[in-house]
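The values are calculated or read from the model by the stated rules, or taken from the named source; none is laboratory data. Keep in mind the model is a prediction, meaning the values are calculated, not measured. Positions of Cβ are generated from backbone atoms using ideal geometry, with glycine treated the same way; all protein chains shown enter the neighbour counts.
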Amino acid sequence: MRLQTRCFCGPSPRITRALPRGPPPTLLALLAHHHRKAHTSTSKQPKDDGSIAQIDTKWLARWESNPRTFQSPAVSNKPPCYVLSMFPYPSGSLHMGHLRVYTISDVVARYKHMKGFNVLHPMGWDSFGLPAENAAIERGVDPAEWTDQNIETMKAQLKRMGARFDWSRELRTSSPEFYEGTQRLFLTLFKEGLAYRAPALVNWDPVDQTVLANEQVSPEGISWRSGAKVEQKYLQQWSFRLTKFASFLRHNLELLKGHWPEKVINQQHHWIGESSGQRVTFPVRIAQPDGSLQHESIKVYTTRLDTLLGVQYLALSVTHPLVERLCETNAELKAFVKSVPSLPVGTKAGFWLENITAANPMIRETDENGTERPLRRFDLPIFVAPYVLGGLGTSAIMGVPAHDLRDYDFWKEHRPDEPIKFVIAKEDAVDTLNPPRTYSGKIPKTPHHQQGVLNENNGKYAGLSCFMGSKVFYETLKEEGMCLPTKRFKVRDWLISRQRYWGTPIPIVHCDSCGAVPVKDEDLPVILPKVKLTGKGGSPLKQAEEWVKTTCPSCGGPAERDTDTMDTFVDSSWYFMKFGQDPDPQFSQMPVDIYIGGVEHAILHLLYARFISKFFAKATGDQRFLEPFARLITQGMVHGKTFKDDLGRFLKPEEIDFTPEGRPIVSDTGSFCNVTYEKMSKSKYNGVDPTKCLEQYGLDATRAHILFQAPVGDVLDWDEKKIVGMQRWLAKVQNIARIAAVEVEFFRTTGSFSKFSPSQETDRAASKLMNELAIAIKGVTTSMEDVYSLNTAVSDLTILTNYLHATRPEEVGPQAYVQSVETLLKLVSPICPAISGECWEIIHGARSIPLEEQQWPDETQFGRIEAKSTADINIQINGKYKFTLHDQPIDWAGGLDPQAWAVEKVFETKEGYRLLNGRNIRKVIIVKARDLVNILAN
């Protein structure tokens, strides 16, 4: 057994005052006195709440006066570690979800600090957005003042929970210093052709004459402001070409496997989407005004190459490059494109490009020598059609009215007298390259999508299955360079325009001569002007006439600023880069090592952040930006206890009484309440004020309770009554720290530990204690690295605490006992920093090196963990420790069905039967390395 030697600091006044008066007693007498005091002072209900409040006050003040900041790697000899939690919207006060995520974040940051890392753990505010604008309209306040007041309130709450953020890097997305960077990002994308303006669908309130966010529209399609039925209409909107990076975004998800939750990766896969098809080139002929012919081509993406000979027209989106070019000389086309935003959803409108026609590349002819070659018969009309989405695929489609309903409706609108050409019949296929030349299938009368066989309208290919027909068409066109295999993605370009005030102004000036012109770099930021908010009349920035009227940066003529603001997702798509900036560019702290936040942001926020990061990686060649978040931790929501009557009505606390047995009843009727756990909300009367909880129970017990009650990724059912368990545990930690302090005080006074006569029995006991320490260190360290199992870290710490609480220093030797308590406090420190820090000072004095600056313990310093012939299996129900199955077979998890074996063993115990009888067991999780079984049950 190896014991760690230690040099103790000066005497502790606290311990000196605690010693009994009179002649100096023997050390064993002192130990007995303090051990009896420790054991008798622990009651079922911890008493001295005031002492906890004093400890909190002391350590909060200590952390405030000694802030922890990140040092540039240029001057620090520690390896950097970037721990980041998703920054909050400053709504006015923290809720329990905030308290959970920031507790997790703070625990991880404190642990990494003790592991020797130079930890960057910043905090900021997602302070632009619709709620502040709504508050300004409803209350008649300035959204900036309202936001700043909320930030100060929430910042105080974050500090109250003991979170040690690097406040020197605090940012607010609504500050000009930050949104100047957002505007520069926009202009960079604009100059690279990745930011563009085009018609897009929006929610329109016809009464208030304003655009509504999705959150402002009820499930029934009603505006929450005016009560009007919301319309959808086209407006000119700014978008980012996210689709240009779709393949990159999807395939790089492979890099995140094992580092991100699988469900999040799957959600990203699904949202991005991917379909395999072909890109077909259609030859195009443009008749010029002078009678000459100009030849070009249009590329079309399709997944139904088998319908190629059924193409009757081509349709282009209003943002297709050819359309944009033609608008420069075709006034009628330009007017049509401008009218598109006013057209209704589902419109069949279209603009026929009379002087442009296309040829079907599969039409063949045979010369006198019998050689087959393409026949360029330019007989396909080309339309500009709003139903073709720009930015999706090639922004062009091949119109097959017989086999696509939208194409059918469009064709009937614009060519009502021309027949529909069906090319697919419902008939058994003849999979041969030499089908019958005369073939007549069952031709449907209405459009259909089903596959079948190629009918006689396909000429010599009639009789082929759709699959074989696609293959033959592909091989034929591939030889001529007219068809290539390609993929298309479901994800759309990112629409970032908002007809809102409280957001980043778009740094674009509109000039009649020059079009959309970027603001010059030296004129950034474009400051948000002051306006009176009414919630009506479209973009509020239009009211700021002096601000809107400006000069064109290009020609110097009169121009107008863009009056839209950016989606707040743009702010959060790069804020982590701002946090990680370092004076020396080579030390930019990217990627984020550990990113922590709610799973509700698993799609859009993460997708947009990945898009912007990949843009930087491509633009700079810096692979640190390839993926912004090396590891993602998604925590579950916090649910509150709700009470309902028989009609399902949510009950207020004052409407509830309790029976002598503690069952809730409805005050008026005496009937029993229906008790469930649901998402916290004011309407359900199940919210919990984090500040009140921290004041009542102390920051340490609250933090430990948050971690212990459920695994990080699971929903946490908030039950405040159970915090008392954490208070009892921390009371034991304080008691054993006081016992260790007596030993240390004796050492300081005499220069040595008490006269201790080691024996075989004490050696065995000390060796067993060291083994328990090694097991605890391994378990807690594993949980800290895993993060998702932080609840088991608390379980391991309570087990070690109970072991030490039942051990007397003379049973193991005073030095081994003190070292064990020191180790326990180090393991507790990230979770319960105030009480553990206080205990450290009780032992070593206020002038000692603080506990949080100590090195994280290493299990190997306590010797190898002894091999056991049996195993003690810790049983958890829904992530909460319940009891231990002692002396089980060492290879208990090596059987064919260890889950079933474990459940059976649990049911054999009285406690297990009581806890699980009648419940539905959803899942059994086994962690063999830690002899742990977690049973998830309803």
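Here the condition is being among the β-branched types (Val, Ile, Thr) and in a loop (DSSP other than H, G, I, E, B); of Thr563, Thr550, it holds for Thr563 alone.
Within the stretch 378-402, residues that are not assigned by TED's automatic domain parsing to the domain that holds Leu314 reach no partner that is surrounded by fewer than 23 Cβ atoms within 10 Å (Cβ to Cβ) and of a type in the set (D, E, K, R) with beta carbons closer than 8 Å at six or more positions or on different chains.
Of the residues that sit in the stretch 674-709 and are at pLDDT below 90 and of a type in the set (A, V, I, L, M, F, W, C), which one is surrounded by the fewest Cβ atoms within 10 Å (Cβ to Cβ)? Of everything passing the filter in the stretch 674-709, Val675 is surrounded by the fewest Cβ atoms within 10 Å (Cβ to Cβ). Of all residues in the stretch 531-545, those satisfying the criterion of being without any contact (Cβ under 8 Å) to a residue 40 or more places away in the chain, under 20 Å from Thr504 (Cβ atoms) and in a helix (DSSP H, G or I) are Lys542, Gln543.
Collect the residues in the stretch 379-410 that are under 17 Å from Lys299 (Cβ atoms) and of a type in the set (Phe, Trp, Tyr), keeping them in residue-number order. Working first, answer last.
Within the stretch 379-410, the subset under 17 Å from Lys299 (Cβ atoms) is 380, 382-385, 388-400.
Within the stretch 379-410, Phe383 is the sole residue that qualifies.
Counting residues that are of a type in the set (Gly, Ala, Ser), which strands (runs of 3 or more DSSP E) fully inside the stretch 625-731 reach at least 1? Explain how you work it out, then say what you get.
Numbers: elements: 632-635, 638-644, 656-658, 664-666, 674-679.
Correct list: 638-644.
Entry remark, the stretch 347-363: residues being surrounded by fewer than 18 Cβ atoms within 10 Å (Cβ to Cβ), in contact (Cβ under 8 Å) with a residue 40 or more places away in the chain and part of a strand (DSSP E or B) number 2 in total. For the stretch 79-125, how many residues meet the condition of being touching a residue at least 40 places away in the same chain (Cβ under 8 Å), farther than 22 Å from Leu606 by Cα and hydrophobic (A, V, I, L, M, F, W, C)? Number of matching residues: 5.
Can you pull out every residue in the stretch 224-251 that is in a strand (DSSP E or B) and at pLDDT 85 or above? It would help to see each step written out before you state the result.
Let us first name the residues in the stretch 224-251 that are in a strand (DSSP E or B), namely 229, 231-240.
Selection gives Lys229, Gln236, Gln237, Trp238, Ser239, Phe240.
Scanning the stretch 531-554 for residues that are farther than 16 Å from Gln209 by Cα and in contact with a helix residue (DSSP H, G or I) (Cβ under 6 Å, 6 or more places away or on another chain) returns a single hit, Val531. Checked across the stretch 856-867, the condition of being modelled with pLDDT of 95 or more and either surrounded by 16 or more Cβ atoms within 10 Å (Cβ to Cβ) or out of contact with any Ser or Thr (no Cβ under 9 Å at 6 or more places or on another chain) (or both) holds for at least one residue. Residue-level check: of (1) over 25 Å from Tyr595 (Cα atoms); (2) at pLDDT below 95; (3) assigned to a helix (DSSP H, G or I), Ser820 misses just (2).
Residue check: is Pro289 surrounded by fewer than 20 Cβ atoms within 10 Å (Cβ to Cβ) and more than 30 Å from Leu201 (Cβ to Cβ)?
Values: surrounded by fewer than 20 Cβ atoms within 10 Å (Cβ to Cβ): yes; more than 30 Å from Leu201 (Cβ to Cβ): yes.
Yes: the conditions hold for Pro289.
Per the conditions (1) at pLDDT below 85; (2) surrounded by 22 or more Cβ atoms within 10 Å (Cβ to Cβ), the sole criterion not satisfied by Ser836 is (1). Please determine, by comparing only the residues of the stretch 639-656 that are of a type in the set (A, V, I, L, M, F, W, C) and over 29 Å from Val712 (Cα atoms), which one is modelled with the lowest pLDDT. Per the criteria, the residue is Leu647. Report yes if Thr659 is on the phi < 0 side of the Ramachandran plot and modelled with pLDDT under 90, otherwise no. So Thr659 fits the description; yes.
For the stretch 489-512, the criterion of being free of Cβ contacts under 8 Å to residues at least 12 places away in the same chain, surrounded by fewer than 22 Cβ atoms within 10 Å (Cβ to Cβ) and closer than 30 Å to Val400 by Cβ is satisfied by no residue at all.
Within the stretch 799-808, identify whether any single residue is at pLDDT 90 or above, more than 26 Å from Trp856 (Cβ to Cβ) and either among the charged types (D, E, K, R) or surrounded by fewer than 23 Cβ atoms within 10 Å (Cβ to Cβ) (or both), and answer yes or no. Let's see the steps before the verdict.
Here is the first cut: in the stretch 799-808, the residues at pLDDT 90 or above are 799-808.
Then keep just the ones that are more than 26 Å from Trp856 (Cβ to Cβ); that gives 808.
Keeping just the survivors that are either among the charged types (D, E, K, R) or surrounded by fewer than 23 Cβ atoms within 10 Å (Cβ to Cβ) (or both) gives 808.
Taking every residue of the stretch 799-808 in turn, at least one turns out to be at pLDDT 90 or above, more than 26 Å from Trp856 (Cβ to Cβ) and either among the charged types (D, E, K, R) or surrounded by fewer than 23 Cβ atoms within 10 Å (Cβ to Cβ) (or both).
When Arg250 is tested against (1) crowded, with 18+ Cβ neighbours inside 10 Å; (2) more than 30 Å from Asp714 (Cα to Cα); (3) within 30 Å of the chain's Cα centre (by Cα), just one condition goes unmet, and that condition is (2).
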